[in-house]
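The values are calculated or read from the model by the stated rules, or taken from the named source; none is laboratory data. Since the model is a prediction, treat every value here as computed from it, not as a measurement. Glycine also receives a Cβ, built like all others from the backbone with ideal geometry; neighbour counts cover every protein chain displayed. Accessible surface is based on the protein model in full, side chains and every heavy atom, while ligands, DNA and RNA are left aside. Shrake-Rupley method; radii C 1.70, N 1.55, O 1.52, S 1.80 Å.
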Amino acid sequence: MKRILIENGVVLTMNQAGDIHERGCVLVEDSRLAYVGPREGLPRDLDARRHDAAGHVVMPGLVNCHTHLCMIFGRTLATNTDLLSWLDLQMPLMRALDAEAMLAAQTLGCIENLKNGNTTVVENLFAPRSDSVSPEDSAFAAMENTGIRGVVARAFEAMRFDPAFVETPAQQAQRIRSLHARWHGRAQGRLGLSFGPLLPWTLDESMLRASRALATELGICLHMHVAESREFNRIIERHYGRPVRNVELLHETGCLGPDVQAVGVSDLAPNEITLLAETGTSVVLDPQTRLFWGTGFPALTPFLEAGIHCGLATNGPAANCGQDLFESMKYACATAKTAAADPHALDARRALRMATIEGARVLGLDRRTGSLEAGKQADLITIDLRQPHLVPAFDLEPALVFSARGTDVRDAMVDGEWLMRGRRLTRIDEAAVLARAEEMAERALAGSQVRRPRHRTLTPQGTPHDD
Ligand SMILES: [Zn+2]
């Protein structure tokens, strides 16, 4: 049996009691946590490899409940447009991705998440229809290779979308069944599959009902963008030809429930929040992306008061230009306080729970990950407190939420394996991934006819460049 003892750090467990152990110990046996607590609880003659975490916080790896790594090459393109125009601008670039480019994009995205301390990530993947290329295989392969815990949430479009992306419901069902058979539960349960429509107007009621039936049959989650903005609800009314709101539509078609993740949720009426709460539906919040687009943000307090589970997300790297969940925590607090005009609206402790155990629960993964408790998989990170912006840290939880950032994460472990130590990735040659990603991004940009931004300052080789 392989044993690792992480000692001398401040251990933030995120367990139900919220225990924090000063100079605590975490014992990892193979892929699981065997002990979390004070040193006195350990046998004296323990045979284990030691990891000194003095000056560091040891906490559960963060859970990024929603991103689009498939769009990572669109980072910094069209940063001053509205959401739907931005999507139109990104589509040609996505059409230009072949399997090689998709693998490079997904690998880049996985290591960006790991280096920000996100040990679990949900990749909401959408891609053009193809008989020869399987973008999902690229996404799963990147997760398998990098060691991150990952869910591919396959988004689909059955009508009213870029024609290259549209599939019939039968084609979608076949794709989901095939992916489920090949990938769901692979890598000792580290990989998983979920699915859902990309946008509510890319299908109709019968297709929503069919999606629910398939998710129930396969025992996997539905993962969907919901009521992202007022415009969303206006488009839904037009598309469905009646005054129905997004959550009402999902309720009518059976698409709410404890196995459903509603992403965005910025324009909900009070009755919709009640429907989410009554059905046990979870929400996923990406406050910095909402602010980035200027589309308004959810008030958050009504979700908390209704007892709805809230996960946090970065959304795609092209949508807010980063994958830092520490930002999401900070902005969640800031937007909740602003919306409620109340500084108590969301505190750092709850924001940390949303980024860890509550996020894991939203994904149905809380038995495996999200807190440091004996018996769970060993998914953890360490954060270096000995830095100017983290001194003094009189109160640890606010320090992590309001002062820390993703680059403060020093080490990351998933399933008992160190994937990053001292900010160096252990499985992956980071320089090679970055070089490959730049090469593939350049190729995709050239093949897409998307205009290169005028003020680009450097070529991949680092020489000044201006067109
Ligand atoms: Zn999204």
Problem - Residues satisfying the stated conditions in the range 268-277, i.e. assigned to a loop (DSSP other than H, G, I, E, B) and buried (at least 22 other Cβ atoms within 10 Å of the Cβ) - result: Leu268
Practice task
Inspect the range 184-193 for any residue being closer than 19 Å to His68 by Cβ, free of Cβ contacts under 8 Å to residues at least 40 places away in the same chain and out of contact with any helix residue (DSSP H, G or I) (no Cβ under 6 Å at 6 or more places or on another chain) and give the result as yes or no.
Solution key: no
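Is it the case that the range 62-69 has a residue that's out of contact with any Lys or Arg (no Cβ under 9 Å at 6 or more places or on another chain), among the aliphatic types (A, V, I, L, M) and within 15 Å of the ligand (Cβ to nearest atom)?
yes
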Handout entry: the range 288-315, residues that are open to solvent by 10 Å² or more (accessible area, probe 1.4 Å), within 16 Å of the ligand (Cβ to nearest atom) and on the phi < 0 side of the Ramachandran plot
Key = Gln288, Leu291, Phe292, Trp293, Thr295, Phe297, Pro298
Practice task
Mind telling me which of the residues Ser206, Ser194, Ser211, Ser178 ends up being small (Gly, Ala, Ser) and either under 24 Å from Ser132 (Cβ atoms) or outside the structural domain of Gly147 (by TED's automatic domain parsing) (or both)?
Solution key: Ser178
Handout entry: Matching residues in the range 200-249 - criterion: being without any contact (Cβ under 8 Å) to a residue 24 or more places away in the chain and surrounded by 14 or more Cβ atoms within 10 Å (Cβ to Cβ)
Key = Glu237, Val244
Fill in the blank from the handout: Apart from one, (1) more than 16 Å from the ligand (Cβ to nearest atom); (2) closer than 13 Å to His225 by Cα; (3) of a type in the set (Ser, Thr, Tyr) all hold for Ser282; the odd one out is (1)
Practice task
Of the numbered conditions (1) under 26 Å from Leu445 (Cα atoms); (2) charged (D, E, K, R); (3) in contact with a helix residue (DSSP H, G or I) (Cβ under 7 Å, 6 or more places away or on another chain), Asp131 fails exactly one; give the number of that condition.
Solution key: (3)
Practice task
Return yes when Ala78 is within 16 Å of the ligand (Cβ to nearest atom), farther than 20 Å from Ala104 by Cα and either at pLDDT below 95 or not in a strand (DSSP E or B) (or both) and no when it is not.
Solution key: yes
Fill in the blank from the handout: Listed by first then second residue, the pairs whose first member lies in the range 394-408 and is in the same structural domain as Thr382 (by TED's automatic domain parsing), whose partner is surrounded by fewer than 17 Cβ atoms within 10 Å (Cβ to Cβ) and modelled with pLDDT of 95 or more, with beta carbons under 6 Å and at least 6 positions apart or on separate chains, are Glu397/Arg349; Ser403/His389
Problem - Filtered residue count, the range 17-53, keeping only those that are part of a loop (DSSP other than H, G, I, E, B) and under 27 Å from the mean Cα position of the chain (by Cα) - result: 6
Problem - Given (1) open to solvent by 40 Å² or more (accessible area, probe 1.4 Å); (2) within 16 Å of the ligand (Cβ to nearest atom); (3) under 23 Å from Ser211 (Cβ atoms); (4) not aliphatic (A, V, I, L, M), number of the condition Cys321 does not satisfy - result: (3)
Practice task
Determine if the range 101-112 includes at least one residue that is in contact (Cβ under 8 Å) with a residue 40 or more places away in the chain, hydroxyl-bearing (Ser, Thr, Tyr) and open to solvent by less than 30 Å² (accessible area, probe 1.4 Å).
Solution key: yes
Practice task
Kindly indicate whether any position in the range 125-138 is within 16 Å of the ligand (Cβ to nearest atom) and either within 22 Å of Asp366 (Cα to Cα) or among the β-branched types (Val, Ile, Thr) (or both).
Solution key: no
Exercise for the section: Kindly indicate whether Ala345 is assigned to a helix (DSSP H, G or I), assigned by TED's automatic domain parsing to the domain that holds Leu249, away from the ligand (no atom under 16 Å from the Cβ) and more than 21 Å from the chain's Cα centre (by Cα). Expected result: no
Problem - Residue check, Asp259 under 24 Å from Ser328 (Cα atoms) and open to solvent by 10 Å² or more (accessible area, probe 1.4 Å) - result: yes
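For (1) away from the ligand (no atom under 16 Å from the Cβ); (2) out of contact with any Phe, Trp or Tyr (no Cβ under 8 Å at 6 or more places or on another chain), each residue gets a yes or a no:
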residue: Glu157; (1), (2): no, no
residue: Phe195; (1), (2): no, no
residue: Glu205; (1), (2): yes, no
residue: Ile220; (1), (2): yes, no
residue: Ile236; (1), (2): yes, no
residue: Arg245; (1), (2): yes, yes
residue: Gly257; (1), (2): yes, yes
